[in-house]
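Chemist: The structure follows.
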Amino acid sequence: MENLLAVMQEEQAHLIKADIEALSAITEIKNELLMHMGAHANARHAALEKAGLPTDDNSMRAALQADENVASYWKKLLEFGKKAKELNRVNGLLINKQLAHNQGAISALKISSQQNNVYGRDGQAKSMATHRHLVIG
């Protein structure tokens, strides 16, 4: 869980810098950590079931009352979970902000290209100068 928090903080730094290449690498690391954590959660559920307990938070608390050391680690794990949830929320906001910025830039480019077409539909260069036709007469 500590590793996940560190990776999420690093992810946040890369989101702020808009470093897309680093974000790709971070995503792979984060996915591996989450898969590893998922395997541990499955093992915990299996242990609870083996003990004849449901796989919910109340059962986990009841199981932890027998061992103060394990209960302390569980409490720390839950605290890390809260921190990870908040980091995930903030990182999501940063992603949405970057996405909105990119969409605005794309829209501006589309409008600009429609107004200032350099090439005609036939693929030939168009003159950018406007022509005035004068009638002398």
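Derivation of every value follows stated rules applied to the coordinates shown; laboratory data play no part. As the structure is a prediction and not an experimental result, all values here were calculated from the model. Heads up, the Cβs are rebuilt from the backbone with ideal geometry, glycines too, and the neighbour counts pull from every protein chain shown.
Chemist: Given 25 °C and 0.890 mPa s, compute D for the stretch 2-115 with the Stokes-Einstein relation, Rh being the Kirkwood radius over Cα pairs; round to the nearest whole µm²/s.
Modeler: 143
Chemist: Sticking with this one: Order these peptides, 9-18, 64-73, by their mean beta-carbon neighbour count within 10 angstrom, highest first.
Modeler: Details: 9-18: 15.1, 64-73: 10.9.
Listed from highest to lowest mean packing, they are 9-18, 64-73.
Chemist: Okay, moving on. Setting aside same-chain residues fewer than 8 positions from Lys110, which lysines have a Cα under 22 Å from its Cα?
Modeler: Straight-distance partners of Lys110: Lys97, Lys126.
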